[in-house]
Every structure is written in structure tokens, then in C-alpha cells.
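These notes are about the structure you will find just below.
The values are calculated or read from the model by the stated rules, or taken from the named source; none is laboratory data. Please read these numbers as outputs of a predicted model, since none were measured by experiment. Cβ placement follows ideal geometry from the backbone for every residue including glycine, while neighbour counts extend to all protein chains displayed.
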Amino acid sequence: MRKLSYVQAINETLHQIIEKDKNVFLVGQGVISPWYVGATTVGLIDKFGDKRIIDTPVSENAITGVAAGASFTGMRPIVMHPRMDFMYYAMDQIANQIANWYYMFGGMKNVPITIWGIINRGGEQAAQHSQALQSMFMHIPGLKVVMPSNPFDVKGLLVSAIYDDNPVVFIDDRWLYKIVGDVPKEIYTVPIGKGAIRKKGKDITIVATGWMVQKVIEAGSILQKDGIDVEIIDVRTLKPLDKTLIFKSVKKTSRLVVADAGWRTCGVAGEISALVTENIFESLKAPIKRVVLPDTPAPMSSVLERAYYPDTNDIVATVRSLFKQHRRTLGGKK
Amino acid sequence: MNKKLDISPVHTDLETLLKKMYITMLRIRKFEEKTGELVSAKEIICPCHLYIGQEAIATGVCSALRKEDYVFSTHRSHGHYIAKGGSIKTLMAELYGKITGCSKGRGGSMHITSPDIGFPGSSAIVAGTIPLAVGAALSFHIRKKDTVSVAFFGDGATNEGAFYESLNFAALKKLPVIFVCENNFYSTHMTISDCLSDTRIYKKAEAFKMPGVCIDGNDVLKVFKQAKEAIEYAREGKGPSLLECSTYRWRGHVGPNIDLDKGLRTKEELESWMAKCPIKRLEALLLKQGILSKSETHQIEKEIEREIEETVVFAKKSSFPKANELQKYVFTEN
Ligand SMILES: Cc1ncc(C[n+]2csc(CCOP(=O)(O)OP(=O)(O)O)c2C)c(N)n1
Ligand SMILES: [Mg+2]
């Protein structure tokens, strides 16, 4: 199949959907810039003009509300935030207005908007230019949250997000932008709410989000050499979460590690652990472990950054520790 | 500047003031040039937004302040910090991500601090420190002090709601705060006319019934005089002022390059502003008035260069923070 990078897949999707559907438009900071949003929007302004590709002043709160308002009249706006950190300014519109609207009015008016937030971290950018806020959005009733980890999914989930009749927070990650994979040329969807198994295995389940999926895949092959056969689940959608897929896997492997590059407390990983213990506690043979960020703001110095962001080694070590601690239950495995 | 210099009665020891301002501006310029070199050489990794071209604003305003007055800064922070009297040694060490840095290697270029001289910190969220400056002013007001607070911010920050809310509250409560807008006509890749329906930023003061003026931000004496007036007004309990200072950043939005290749501005535009160099202008005045001789300015320059070399030596020989101290400074101990 044809190969595209993650960033090319986003770019192609935007071109195709905006071309196809007159109701879709893109608004946000840097959408006309070749560098501000990592080449995701290249060529759009030339093709569609500034009525549908709208670069904006630094006014996150108003612009997010503006996009939502446009959706009331039947349009399907995409509002882009070049960094998740800046979305705090837009929180009132996202959490109070957009997320509540449908429920608050007894289902009379839905908000079919895509709220696109980019994770952009590393490179000593420090606390205000590094945040991954998936858990925060996942916490808010009324928002769907997707977090594609590869080029195929980023296209399919972006299409699904745009055509979902609910507000969808679409989270991508600049650390994924260069990853190359199969991407069909035509428009297709990846269903919201469905996870995917990236590797089948029998000894332990690792559930991961976004960038961490790539790290877990690396860890999986290292662990294979140890004789630990991991099953890898890419959740793809954080809300609604594909519980069925996760439960089925954990029932089989009896062990679970969750990897998410967000903060530990009240995070995605904590939520998934709670769901598993609440529902299928009896199938667990070991405590659930989380590979996450410490409850610490993003540091600046590279030395601290390296300690801060979870990596392949952290996943490998966490899995190994489970098998060391609980060797008794392993039955013959080294 | 024509004929006899008349800036009385703003300062008693005029010559000393002028010399000091010259030294401060040159120190900022040389520090930034060195920083640019070090970024190019990949010695410094963190994103640095250089202040080259805008030196007269921080210098003029801070020269009219007392040590106990507060200054709040932005992502383009070095000039404000240096002008308020921050140590360039600990600043350079911070850019290197070292433990001896002013923020202990946690913050980097965008997050520098020196609380002992009334510089509580710089923030990289556009307009993020404007309310904080108002808050400091509120505390002076409550405690009946004649201390003032200054918010430095760019033209882009006037796109944010936080700016307008802050102006209103400060004016409503007659708080001793000076809003200093450094209008360099760009907000990242966008020109001011792509961001503001009315680009006369000083006019926005009118809506809040506070004084608002627009001055040549490359004329350090004008900046000093105007700031002095606003500061006095604030000290007397008359309330806030808005000072718009027109200027230009010689380098790109971030990093050491002039970024003409990005197609965002012309060579002619850059050159016309370089011809209005704030430092050259003051230097010409000092020479003309016989306050400094050519050999003295040369000597000052050499001295500053030496001082800056020392900061690099200091930064390089300093240690990195320890990885196991990643979580230090999340909370303070009572
Ligand atoms: C809330 C928020 N939105 C967007 C950004 C990205 N950003 C960083 S600097 C900047 C432009 C600011 O322009 P201006 O205030 O004029 O300051 P200048 O860079 O010109 O000094 C933007 C949009 C940010 N840091 N914070
Ligand atoms: Mg600006």
C-alpha cells in the first residue's frame, strides 16, 4: 500500500475533506504558516482561500467559541490549537459551553466540532510548552477524545472526528509526525470508540496511548527476547474507551501495564486500571502498573527531560519487575 | 536629537543616567548576540526569543523604576531581566540548563526569575503575566505602598481577553500598574494588521479611561520620560497607564536567524529598522554631548564583552541538575 508520514496523512485528510465538504472549515493559530504547525496545513490556504482556512489572532478562548458557534448553523468546523498548553485559555468554551450544550438543552442542539490539539514537547521547551492534556479532556462529560498513534489512524480518526455529531477532541503529537505507514488514498474512517491490537501475546497486556504506543511496540520486541510475550493494545480513542477489547486481553494475559505520557494522578492510566479492577479483578495475577509522567511540571534542562519522559526502557523495566516480583505465578517462565 | 539636550526635570544626575542606560542597552545587545551564537552552535538548546532591536524599552522603563518595584515579563524575557538588574551569569547558566541558573535549570529562556530585584518571573503564555502584574499592584494598593508594577507584553498579547480584563480591573480599582506594550508589529508569523482591527494599541486605553500613549520605542530617552510620568502617576494613586512603544525585532520570532527566507518580511523593512538602532542613537547623543568619548564607548564595549565571556565560562563549568532531583521544587516546604 502507499506510504505516507503521519504529518502527510493529516495534511492529505484536510485537503480531501475540505475539498469534498463545503461545510468544513479550518480555523486556528498558524494554519497558513508553513512551520507553525509542523507542515500539517501546507497548501490549504492556496487551495481554499482565507474564508475557509482562517489564521487567527492569539485569542484561543474566543476563537474556540467562534468555531462552536459556526457549528450551530450546520457547519463542521475544525478549530486547531498549535499546542495543548494554549488550550487552557479555551477551557471555558470547551468545558462549559461545548461539552455541556447537548445535554443542557435536553438533546435539542448538538455541537459537531473537531477541537484539534497538538502535543509539542521536548527540546527544553519547559513547563508551558510541553503539556499533554488528554486526561483533562477525558474527564469532561460530553467530549469524545481520540489520540491516533500512526499514519493510518490519524487519517481515519480525523475523518471520523469531523463527521461525528458530537464535539471531538482530536489529539496528535509532533513526536509522531515523521512516522511512516500505510495510508489509503481514498477517504476512509477509523471508528471512534474502537481500540486495536498492535501485537498479539499471552503473558501480559500493555495498553498505550498515542506516542507511547510506538514506545511499547519497541519494548515488546525487547521483551520477546526475554521470553515475555506481550499483547499490545492501542486504545486510539480515550473516550469512549474500548473496554471490551481491554478486558478480553487482560482476561487472557492476567497482567496489565498502562503506558500514557500524561501525568500520573487522575490520568488515563489510572482510569483504565480502575476499570479493570472494578470489572475483572478476579482475572488479575499481579498489580496493575502505570508508565506515566511523574506529577511534575515539564522541566527545561535536557538532563531532567530525559528523566521526565517515559521511554522504551521504562516500559521494559516495569514489565520485567512484574515478572520478577510475581515469578511464582508465572509457572515455568524464566 | 537637536541642539541642547533637554530632559529635565526627569533626572538629577542626567549624565550618569544616560551612561547607565547606554551600558544596559549594550549589555542586553551583546548578551543576546552571544546567545544567538550559542544557539547556532547548539550549545544552547532551549528556544530563545531574542530582544535585539528592542533594548530601549526595557532599559528606559526599568531605569525609571526603583529596585522594589515589580516587573513582569514574557517569552522574550532577557532584556527585561537584565534591565531590572538580574545577574547575567545566572541567566546564561539558565539558558544552558544548569543548576546554577536563575531558575535552577527548570525554566530556561522563557522562564527566568530574580525575585530579590522585583522580577518574579517571565511566562511563555501570551498575556499570561498581565493579570499577575495587576495583582502585584493590587497588593501595593491594599498595603498603601507607593511601589508600582510593570507588565511588559507584545502587540500579540493585546489579542487575548486577559489583556482587556486586566486593563479594566486595574483602571476600575486605580491600581499602580504600567502596561508597557512593545509593539514590534509581529506576532509570530503574522503582522499586526492581520491580528488587530485597529492597530493603534494605545487607543485601547481610552475605553478604560486610563492614559494611553504611543511613543518611539527605539528612543530610550522618550521611553524613560514617558515611563517616569506613568510611574509617578501610579505612585500618586491615580491609577494605571498604557504605554505603547513601537519597535522592531531584528531576528526572527525565535532563534538567532533573521528569517528573511520565510517570506514574512522584507529586507528593506528590516534594514530601515536597523538604521533606527536604539543603541547607535543614544551613542551618537553621548558622543555629541561629550558625555562619552569614542575611546570610552569602545572601552565599555570591551568590558561588556569580557563580562559576557565570563558568563559563558561560568555556565559551562556549572553542573547540570541531578536527574534524581527532577521532582524538587514541585512544592515548597512550609
Ligand atoms: C496562549 C498562547 N498562545 C500562543 C502562543 C504562541 N506564541 C508565542 S509568542 C507568540 C506571539 C506573541 O507576539 P507578541 O505578543 O507580539 O510578542 P513578540 O513575540 O512579538 O515579542 C505566540 C502566538 C503562546 N505562547 N501562548
Ligand atoms: Mg510582537
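For the subset of segment A:160-190 comprising residues that are in a loop (DSSP other than H, G, I, E, B) and under 14 Å from the mean Cα position of the chain (by Cα), which member is nearest to A:Gly69 (Cα to Cα)?
So the residue we want is A:Val190.
Just give me the residues in segment B:87-112 being in a loop (DSSP other than H, G, I, E, B), away from chain A (no Cβ under 11 Å) and either in contact with a Phe, Trp or Tyr (Cβ under 6 Å, 6 or more places away or on another chain) or buried (at least 24 other Cβ atoms within 10 Å of the Cβ) (or both), in sequence order.
B:Cys102 - this is the single residue of segment B:87-112 that is in a loop (DSSP other than H, G, I, E, B), away from chain A (no Cβ under 11 Å) and either in contact with a Phe, Trp or Tyr (Cβ under 6 Å, 6 or more places away or on another chain) or buried (at least 24 other Cβ atoms within 10 Å of the Cβ) (or both).
Tally time: how many residues in segment B:195-209 are more than 12 Å from ligand 2 (Cβ to nearest atom) and closer than 16 Å to A:Asp50 by Cβ?
Going through segment B:195-209 one residue at a time, the tally reaches 1.
Looking only at segment A:1-50, how many residues end up being over 17 Å from A:Ile162 (Cα atoms) and part of a helix (DSSP H, G or I)?
Qualifying residue count, segment A:1-50: 7.
A quick yes/no check of all residues on (1) out of contact with any Phe, Trp or Tyr (no Cβ under 9 Å at 6 or more places or on another chain); (2) in a helix (DSSP H, G or I); (3) away from ligand 2 (no atom under 16 Å from the Cβ):
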{"position": "A:Pro57", "(1), (2), (3)": "yes, no, no"}
{"position": "A:Val66", "(1), (2), (3)": "yes, yes, yes"}
{"position": "A:Met80", "(1), (2), (3)": "no, no, yes"}
{"position": "A:Tyr88", "(1), (2), (3)": "yes, yes, yes"}
{"position": "A:Asn100", "(1), (2), (3)": "yes, yes, yes"}
{"position": "A:Ser135", "(1), (2), (3)": "no, yes, yes"}
{"position": "A:Val145", "(1), (2), (3)": "no, no, yes"}
{"position": "A:Val154", "(1), (2), (3)": "no, yes, yes"}
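From A:Ala62, A:Ala90, A:Ala127, A:Ala70, grab the single residue that is more than 11 Å from every other protein chain (Cβ to nearest Cβ) and either small (Gly, Ala, Ser) or without any contact (Cβ under 8 Å) to a residue 12 or more places away in the chain (or both).
A:Ala70
Check B:Ser114, B:Ser149, B:Ser122 and return the single one that is out of contact with any Asp or Glu (no Cβ under 9 Å at 6 or more places or on another chain) and over 18 Å from B:Phe314 (Cβ atoms).
That would be B:Ser122, the only listed residue that is out of contact with any Asp or Glu (no Cβ under 9 Å at 6 or more places or on another chain) and over 18 Å from B:Phe314 (Cβ atoms).
Tell me, please, whether a residue that is in a loop (DSSP other than H, G, I, E, B), at pLDDT 95 or above, farther than 19 Å from B:Lys280 by Cα and within 16 Å of ligand 1 (Cβ to nearest atom) can be found in segment B:50-73.
Scanning segment B:50-73, I find no residue that is in a loop (DSSP other than H, G, I, E, B), at pLDDT 95 or above, farther than 19 Å from B:Lys280 by Cα and within 16 Å of ligand 1 (Cβ to nearest atom), so the answer is no.
If I go through segment A:118-159 residue by residue, how many of them are surrounded by fewer than 24 Cβ atoms within 10 Å (Cβ to Cβ) and of a type in the set (Ser, Thr, Tyr)?
Residues that pass the stated criteria total 1.
Mind telling me which of the residues A:Lys243, A:Lys225, A:Lys239 ends up being exposed (fewer than 15 other Cβ atoms within 10 Å of the Cβ) and either more than 16 Å from the chain's Cα centre (by Cα) or modelled with pLDDT of 95 or more (or both)?
A:Lys225
Restricting to segment A:117-156, name every residue that is within 14 Å of A:Leu241 (Cα to Cα) and either of a type in the set (Ser, Thr, Tyr) or touching an Asp or Glu at 6+ places or on another chain (Cβ under 9 Å) (or both).
Passing the criteria: A:Gln134, A:Ser135, A:Met138, A:His139, A:Lys144, A:Val146, A:Met147, A:Pro148.
Under the condition of being among the acidic types (Asp, Glu) and not in a loop (DSSP other than H, G, I, E, B), which residue from segment B:170-219 is farthest from ligand 1 (Cβ to nearest atom)?
B:Glu206
Considering only residues that are of a type in the set (Asp, Glu) and over 14 Å from the mean Cα position of the chain (by Cα), which ones fall in segment B:38-87?
B:Glu43, B:Glu68, B:Asp69 - these are the residues of segment B:38-87 that are of a type in the set (Asp, Glu) and over 14 Å from the mean Cα position of the chain (by Cα).
For residues that are among the β-branched types (Val, Ile, Thr) and farther than 29 Å from A:Gly28 by Cβ, scanning just segment B:124-169, find the one that is nearest to ligand 1 (Cβ to nearest atom).
B:Val150
Tell me, please, whether a residue that is over 19 Å from A:Val146 (Cα atoms) and not small (Gly, Ala, Ser) can be found in segment A:76-86.
no
So for segment B:114-128 (the condition being within 14 Å of another protein chain (Cβ to nearest Cβ), away from ligand 2 (no atom under 16 Å from the Cβ), part of a strand (DSSP E or B) and farther than 22 Å from B:Lys203 by Cα), does at least one residue qualify?
So far as segment B:114-128 goes, yes, one or more of its residues are within 14 Å of another protein chain (Cβ to nearest Cβ), away from ligand 2 (no atom under 16 Å from the Cβ), part of a strand (DSSP E or B) and farther than 22 Å from B:Lys203 by Cα.
Can you give me the ranges of the helices (runs of 4 or more DSSP H) entirely in segment B:220-323 with at least 3 residues that are surrounded by fewer than 16 Cβ atoms within 10 Å (Cβ to Cβ)?
Where helices (runs of 4 or more DSSP H) fall fully within segment B:220-323 and carry at least 3 residues being surrounded by fewer than 16 Cβ atoms within 10 Å (Cβ to Cβ), they are B:267-274, B:278-288, B:294-317.
Kindly provide the set of residues from segment A:83-100 that are crowded, with 20+ Cβ neighbours inside 10 Å and away from ligand 1 (no atom under 12 Å from the Cβ), ordered by number.
A:Gln93, A:Ile94, A:Ile98, A:Ala99
Identify, by number, the condition in (1) charged (D, E, K, R); (2) more than 21 Å from the chain's Cα centre (by Cα); (3) buried (at least 24 other Cβ atoms within 10 Å of the Cβ) that B:Glu182 doesn't meet.
(2)
Is it fair to say A:Ile280 is more than 14 Å from chain B (Cβ to nearest Cβ) and surrounded by 23 or more Cβ atoms within 10 Å (Cβ to Cβ)?
Spelling it out, it is not the case that A:Ile280 is more than 14 Å from chain B (Cβ to nearest Cβ) and surrounded by 23 or more Cβ atoms within 10 Å (Cβ to Cβ).
Restricted to segment B:232-280, and to residues that are within 16 Å of ligand 2 (Cβ to nearest atom) and within 14 Å of chain A (Cβ to nearest Cβ), which residue is farthest from the chain's Cα centre (by Cα)?
That would be B:Lys262.
Could you give every pair whose Cβ atoms fall below 7 Å, whose first residue belongs to segment B:168-194 and is in contact (Cβ under 8 Å) with a residue 40 or more places away in the chain and aliphatic (A, V, I, L, M), and whose second residue is within 16 Å of ligand 1 (Cβ to nearest atom) and outside any helix (DSSP H, G or I), counting only separations of at least 6 or pairs across chains?
Going by the 7 Å Cβ cut-off, the qualifying pairs are B:Val177/B:Ala151; B:Ile178/B:Val150; B:Ile178/B:Leu243; B:Val180/B:Val150; B:Val180/B:Ala151; B:Val180/B:Phe152; B:Val180/B:Leu243; B:Val180/B:Cys245.
Given the structure, is B:Ile82 part of a loop (DSSP other than H, G, I, E, B), surrounded by 24 or more Cβ atoms within 10 Å (Cβ to Cβ) and away from ligand 2 (no atom under 16 Å from the Cβ)?
no
Could you look through segment B:166-194, keep only residues that are more than 12 Å from ligand 2 (Cβ to nearest atom), touching a Phe, Trp or Tyr at 6+ places or on another chain (Cβ under 6 Å) and of a type outside the set (S, T, N, Q), and pick out the one that is farthest from the other protein chains (Cβ to nearest Cβ)?
Step by step, filter segment B:166-194, then rank; the result is B:Pro176.
Is it true that some residue in segment A:65-82 is within 16 Å of ligand 1 (Cβ to nearest atom), at pLDDT 95 or above, of a type outside the set (A, V, I, L, M) and within 24 Å of A:Pro141 (Cβ to Cβ)?
Within segment A:65-82, one or more residues are within 16 Å of ligand 1 (Cβ to nearest atom), at pLDDT 95 or above, of a type outside the set (A, V, I, L, M) and within 24 Å of A:Pro141 (Cβ to Cβ).
Considering only segment B:133-147, I want to know if a residue exists there that is surrounded by 24 or more Cβ atoms within 10 Å (Cβ to Cβ) and within 16 Å of ligand 2 (Cβ to nearest atom).
no
Select from segment B:134-161 the residues that are within 19 Å of the chain's Cα centre (by Cα), in a helix (DSSP H, G or I) and farther than 18 Å from B:Thr199 by Cα and list them in ascending order.
B:Val134, B:Ala136, B:Ala137
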